[in-house]
Amino acid sequence: MRRLRMIAKRPFLQSADQDDAVALAFAAFVQATNPDPGLVGAAFLAARAEQQGDIGVDVGALEGEQVHLPSLGQDLDLRACLDAVPADHPWLVRDLGDRLYLRRQHAQETRVASALAARLSAPPTPLAPAADTWLQQTAASLDAFSRVQLDAARAAAQSSLFVLAGGPGTGKTRSIARIRMTLLRLGPNQRVLLAAPTGKAAQRLRDSLKQLAPLDPDTAALPIQATTVHRLLQQTSTLELADALIIDEASMLDLALLDRLLCLLPMHTRLILVGDPDQLASVEAGRVLADLIEHLAEYDPGQHQHRRLRHNFRAEASLQPLANAVLEGDVQAFRDALEVPLSPATCVEMADAEALQQWLGRSLAARLQSGAVWNRDLGLLCALRRGRFGAEGLNAWLSSSWPSWPSADAGEPILLTEHADEMDLWNGDLGWLRSEAGVQYFEIGNRRLPASLLPRHEPGFALTVHKAQGSEFDTVVLVLPNRVSPILSRELLYTGITRARKQVVLVGSAAVLEAALGKPRVRSSGLYARLRLNAQVPGAKVAP
Ligand SMILES: Nc1ncnc2c1ncn2[C@@H]1O[C@H](COP(=O)(O)OP(=O)(O)OP(=O)(O)O)[C@@H](O)[C@H]1O
């Protein structure tokens, strides 16, 4: 028998230990009310699942594993933990057969599943003639790929819930523009809200849509605003009056956030979710976009409520085979993609942090010397945050050695870690700290702000893959840890690789890369199963 975790023997230093510490505190709380070892073990398992981003634990899938709790001094069989949970327990729930939940997460999942199911079973609304005419006229002048985007807009404008999925460069943003143009023609003064889970993503969406506004001269003059989902939740009257809400980067939506949104969003407001379900999931618990798209692939074969965009408009970079191999976890295809002549992807292995610094010093300096701009042409991404192979370690080293680098006199890259609404600055924004005539200023895009007004920030030389989500660079140098780490997964590798427009350099050993490829989607949730249960007649949607 394998032990799930030897928690008692490890120092409380790594992030996994922090997960354990929170779960142990909850287990101790439950133990104070009922010392039944199984129940205490169940409390630990359910709380730890939440800390790891899961919604509940599928105990059936972990058959044969055990958990060891220092406070009980014994190994516990997982099934015994599950069986110890009474139906009326105030904090724990057993559901969907062998799934163990925190009651709060269970309530969220149940509410989200029924709200989504209600929207999916709502009959399609007929298209307003103005929208229909515009779609037909526009389609006549478009190529086949653009017509796919227009078809998605037609379907979205008739659905209470529509999901648009696609990898990087598949035209999601352009599709959002076309969806918005269609929605605005559904009636007079249509209120179409745009949002994203992070401020930075909202800002990017707004800027991209402004650039695409000339596609439709009739609506080009209408103001384009995008905000965060969190902020929308504080504007209940705006939500109540909205005719439609489009959320970009929906892979970053967590279950609790979607639950709050669905509780406030009136049924008459269409909800359109857009994102890449293969990217890293939300920071908080859940994998809602991935669960929803998996469900719709079965439930909506006619694709009236979802579309998956597959054509990559940036395919000239030919990084697609590598990204596909990662998604499939196919080690041989991954090796082949690296070895193909003129491959835009290479792999290097570094024995230790000194070797890594020497190599980065040579190869990045050469790129800077030939004119590359940091965080535009070149992105240095790390799988880990901590340690000398992580973003913090590399930032510390680069900050101290930066004055001797080529192009250092152009300033230092900075990452904002806090919003400053009044200056339209967002957590995650990248800019430059520069100085002129002895005065320091912050430059972002074509704006200059006094450095003294900067919100919280940190060096922006190296970014974690999580922080880089949504950004793109011509070349990505992706630094993996020199040892196998529980953080590594296919999603992380995929998200890192797909930040590159043209070229990717993977820094990692074959063992570390293969460990990441061997670790499929790590999150667990019951939402997909619950959506299936709630679907009234699976696979029987009729054409609108
Ligand atoms: N129908 C189209 N015809 C020609 N080019 C297109 C079309 N749709 C999108 N593109 C181009 O493809 C590129 C990617 O498009 P877009 O930004 O909409 O994709 P995306 O899926 O949102 O990408 P990402 O997720 O990387 O932001 C852009 O340069 C865009 O101009």
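Annotations
- Solvent-accessible ranking of S370, S146, largest area first, probe 1.4 Å: S370, S146
- R448, R362, ranked by accessible area, largest first (probe 1.4 Å): R362, R448
- Mean Cα-pair separation over length for region 229-350, i.e. relative contact order, pairs under 8 Å, 6 or more apart, %: 19
- For region 129-169 and region 377-396, distance of Cα centres in Å: 40
- P(r) weight above 17 Å for region 11-100, C-alpha pairs, percent: 43
- Given charges at beta-carbon only (K, R positive; D, E negative), |dipole| of the chain in Debye: 640
- Rounded FRET efficiency, nearest 0.05, which uses the C-beta distance separating E298 from A510 and R0 of 45 Å: 0.80
- Using a probe of 1.4 Å on the protein chains alone, the accessible area found for E65 is around 20 Å².
- Ellipticity estimate at 222 nm from DSSP helix runs (n ≥ 4, -39,500 (n - 2.57)) divided over the chain, nearest 500: -12000 deg cm²/dmol
- Applying 1/(1 + (r/R0)^6) with r as the Cβ-Cβ distance of C263 and R532 and R0 = 22 angstrom yields a FRET efficiency of 0.50.
- Cubic angstrom per residue, convex hull over Cα atoms of region 183-277: 100
- Using 0.36 nm per residue and subtracting the Cα-Cα separation, the extra length available between A451 and A130 on full extension is 110.6 nm.
- Spatial separation of Cα centroids for region 232-301 and region 459-497, in angstrom: 25
- Measuring nothing but how far apart in sequence close Cα pairs (under 8 Å, 6+ apart) lie, relative to its length, region 11-100 scores a relative contact order of 27 percent.
- The convex hull of the Cα atoms of the chain, projected and averaged over all directions, covers 27.7 nm².
- Across the chain, the relative contact order, built from alpha-carbon pairs under 8 Å that are at least six residues apart, equals 15 percent.
- Of the accessible area of region 11-100, computed with a 1.4 Å probe over protein heavy atoms only, carbon and sulfur atoms account for 55 percent.
- L24 accessible area, 1.4 Å probe, all protein chains in place, Å² to nearest 10: 40
- Solvent-accessible area per residue in the chain equals 43 Å², computed with a 1.4 angstrom probe and all protein chains kept.
- Residue-span extension gain [T236 to A61] - 0.36 nm each, minus C-alpha spacing: 58.9 nm
- Stretch gain in nm, segment S435-E328, where the contour uses 0.36 nm per residue and the Cα spacing is subtracted: 33.8 nm
- Restricting the chymotrypsin sites (Phe, Trp or Tyr not before Pro) of region 234-339 to loop positions (DSSP other than H, G, I, E, B) with no more than 14 neighbouring Cβ atoms within 10 Å leaves F313.
- Distance from region 50-125 to region 306-360 (C-alpha centre basis), Å: 36
- Label-point separation, E284 to S121 (7 Å along Cα→Cβ), nm: 2.8
- Global form of region 126-314, assessed from the alpha-carbon gyration tensor, a/c cut-off 1.5: rounded
- Ligands, DNA and RNA aside, V439 has an accessible area near 90 Å² when probed at 1.4 Å.
- Accessible area of region 453-533 belonging to carbon and sulfur atoms, whole % at 1.4 Å probe: 53
The values are calculated or read from the model by the stated rules, or taken from the named source; none is laboratory data. Since this is a predicted model, take the numbers as computed values, not measurements. Using ideal geometry, Cβ is built from the backbone for each residue, glycine included, and neighbour counts are taken over all protein chains shown. Please note that ligands, DNA and RNA were not included when accessible areas were found on the heavy atoms of the full protein model with its side chains. Shrake-Rupley method; radii C 1.70, N 1.55, O 1.52, S 1.80 Å.
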